[in-house]
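Asker: Below you'll find the structure I mean.
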Amino acid sequence: MLSGKRILLIIGGGIAAYKSLDLIRRLRERGAAVTPVLTRAGEEFVTPLSVAALAGEKCYRHLFDLTDEAEMGHIELSRAADLVVVAPATADLMAKMAGGHADDLASTLLMATDKKVLIAPAMNVRMWLHRATQRNIAMLRADDIRFVGPNEGDMACGEYGPGRMAEPLEIVAGIEAMMGDGPLQGRHVVVTSGPTHEPIDPVRYIANRSSGAQGTALARALRDLGARVTFVTGPASVPPPGGVEVVQIETARQMLDAVKTALPADAVICAAAVADWRVANASGSKMKKDGSGKAPALDFAENPDILATISQMKKGRPALVVGFAAETDDVVAHATTKRERKHCDWIVANDVRPATGIMGGTENAVTLISETGAEEWPRLPKDEVARGLAARIAAALGAGG
Ligand SMILES: Cc1cc2nc3c(=O)[nH]c(=O)nc-3n(C[C@H](O)[C@H](O)[C@H](O)COP(=O)(O)O)c2cc1C
């Protein structure tokens, strides 16, 4: 898929720069040519020699290097590639991009390019969560800069949280999705997935058995058709796919906020198993037995209805809003009523009685309910269901003719 493509790879000054050496290898294995650019800070982490040796090409470093300008000027360098990738994208590089700075070779190339840009952020969790970085992220998204990662996990600095650079193969998947000529190129799809956790107290929560497998497969299939996918996921047991923008949340209310923040989108696919109710009187400290034998009384409050909220947006409603209905009886009848009640376009209904093995399993048997009626699909692996749905979504959006 990447054969004959040229990637301009900008390596910023973060610990994760070592992963970019592997990224160069992975891209070349797939037939891509890599033009590497190393920032001044990047040179502190990997050497120009290693970068050039792995890329098999000169490593560009300085804006005012007359030899470079004689060989290939910075404007030409910014245009000669099919795609610009920044990995690791440091907080500083992202701030420069958001602010339109052009004070070194990397930032000047990013300002001068007429190509799409994919960034793989990597930084300490506090730097990622800092308001300034969050502001810059919002600006970059508005400028149609694509993101892959960051992932959540242990960091080189010893802290834990979001900010770890996506793995090289995840970045490759993101690049492939952007370089492909899939029918969903240029489209933005938001997918919700997994369960939500509704706290009872700081250590206990109410959850459900959703693994996130179907939503994850769907996000992957949409990505493979070229869509830019924002993947809003609860605490799922299946890892999120690479090459999509992952937003991790816990509660239904956080999920709704994340979906709204991700808009505008061409389609929103609500595959998450969202808790209908939360505990209204959740305790701020761990609840304890008091020896009386009396169980605590939990009061419930209804959660916001994400599917209905997005379906009934007065302004900026996505062209296609799809819900999933997990039912245990009268599947089609309940799902048909649900579609009408929520005003969504389609409902993907499935029978989640334990005997079906669907919830948490690898297969799914769905019925696609739209205004034209109910269409029963055979029992298939979740990946195949996802590919079928992604193709239908592309067709519904009129993508690719
Ligand atoms: C040991 C060390 C590790 C660093 N790791 C990161 C990092 O992972 N992400 C980041 O945004 N900045 C990191 N920094 C800070 C950047 O190197 C610094 O902001 C630099 O100016 C970024 O330059 P750039 O814009 O060329 O990437 C690190 C600094 C040091 C000394």
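Asker: Report the paramagnetic label zone for ALA112: residues of segment 69-90 whose backbone N is under 20 Å from a point 7 Å from Cα along the Cα-to-Cβ axis.
Answerer: Taking a point 7 Å out along Cα→Cβ of ALA112, the residues of segment 69-90 whose backbone N falls under 20 Å are 69-87.
Asker: At 0.36 nm per residue, and after removing the present C-alpha to C-alpha distance, how many nm does the segment from THR67 to LYS315 gain when stretched out fully?
Answerer: Working: separation 248, 0.36 × 248 = 89.28 nm, distance 5.32 nm.
Gain in length upon complete extension: 84.0 nm.
Asker: Let me ask something else. For labels at ALA102 and LYS288 in the simple 7 Å Cα→Cβ model, what's the distance in nm?
Answerer: Between ALA102 and LYS288, the label points sit 6.5 nm apart.
Asker: Enter the Cα centre distance for the pair segment 363-394 and segment 275-327, rounded to the nearest angstrom.
Answerer: Using only Cα atoms, the two centres lie 27 Å from each other.
Asker: Report the gain in length on full extension from ALA301 to ARG204: 0.36 nm times residue separation, minus Cα-Cα distance, nm rounded to one decimal. Numbers along the way, then the final one.
Answerer: Details: separation 97, 0.36 × 97 = 34.92 nm, distance 1.69 nm.
In short, 33.2 nm is gained.
Asker: Taking loop as defined by DSSP and a crowding limit of 15 other beta carbons within 10 Å, which GluC sites (Glu not before Pro) in segment 159-220 fit?
Answerer: Numbers: sites: GLU159, GLU170, GLU176; in loops: GLU159.
Sites meeting the loop and neighbour criteria: GLU159.
Asker: Note the count of lysine pairs whose C-alpha atoms are less than 18 angstrom apart in segment 188-396, limited to pairs 8 or more residues apart or on different chains.
Answerer: Numbers: LYS260/LYS314; LYS260/LYS315; LYS260/LYS342; LYS286/LYS294; LYS314/LYS342; LYS315/LYS342.
Number of lysine pairs found: 6.
Asker: Would you order TRP128, TRP377 from fewest to most other beta-carbon atoms within 10 Å of each residue's own beta-carbon? List each step's numbers first, then the result.
Answerer: On the way: TRP128 21, TRP377 16.
The order, fewest Cβ neighbours first, is TRP377, TRP128.
Asker: Just rank ARG61, ARG220, fewest to most, by other beta-carbon atoms within 10 angstrom.
Answerer: Details: ARG61 20, ARG220 23.
Fewest-to-most Cβ neighbours within 10 Å comes out as ARG61, ARG220.
Asker: Give me the net charge for the shell around PRO183: Cβ to Cβ below 14 angstrom, other residues only, Lys and Arg +1, Asp and Glu -1.
Answerer: On the way: positive: ARG187, ARG223, ARG228, ARG387, ARG392; negative: ASP181, ASP224, ASP266.
Overall, the nearby charge balance is +2.
Asker: So for the pair ARG40, ASP143, with labels modelled 7 Å out along Cα→Cβ, what separation do we get in nm?
Answerer: Spacing of the two 7 Å Cα→Cβ label points: 2.0 nm.
Asker: Same structure, new question: How about LYS116: which lysines have a C-alpha closer than 20 Å to its C-alpha, ignoring those fewer than 8 places off in the same chain?
Answerer: Here the lysines satisfying the reach criterion relative to LYS116 are LYS5, LYS96.
Asker: On to the next question. Taking only DSSP H segments of four or more residues, each worth -39500 (n - 2.57), what value at 222 nm results for the chain once the sum is divided by all its residues, to the nearest 500 deg cm²/dmol? Spell out each step's value before the answer.
Answerer: Working: 14 runs with 135 residues, N = 401.
One gets -10000 deg cm²/dmol as the mean residue ellipticity at 222 nm.
Asker: Now for a separate question. Where the centroid of each part is defined by its Cα atoms, how far is segment 153-168 from segment 197-268 in Å?
Answerer: Using only Cα atoms, the two centres lie 19 Å from each other.
Asker: Per residue, what volume in Å³ does the convex hull of the Cα atoms of segment 6-181 enclose?
Answerer: Details: hull volume 18.0 nm³, N = 176.
So the per-residue hull volume is 103 Å³.
Asker: Ranked by Cβ crowding within 10 angstrom, fewest neighbours first, how are ARG131, ARG228 ordered? Kindly include the intermediate steps, with their values, before the conclusion.
Answerer: Numbers: ARG131 7, ARG228 26.
If I rank by nearby Cβ atoms, fewest first, I get ARG131, ARG228.
Asker: Please pull out the direction-averaged projected area of the chain, using the convex hull of its alpha-carbon atoms, in nm² to one decimal place. Intermediate results must be reported in sequence, preceding the final value.
Answerer: Values: hull surface 89.8 nm².
Here the figure is 22.4 nm², rounded to one decimal.
Where a number appears in this text, it was derived from the coordinates with a stated rule and is not lab data. All of these numbers come straight from a predicted model, not from anything done at the bench. All Cβ positions, glycine included, derive from the backbone under ideal geometry; neighbour counts span all protein chains shown.
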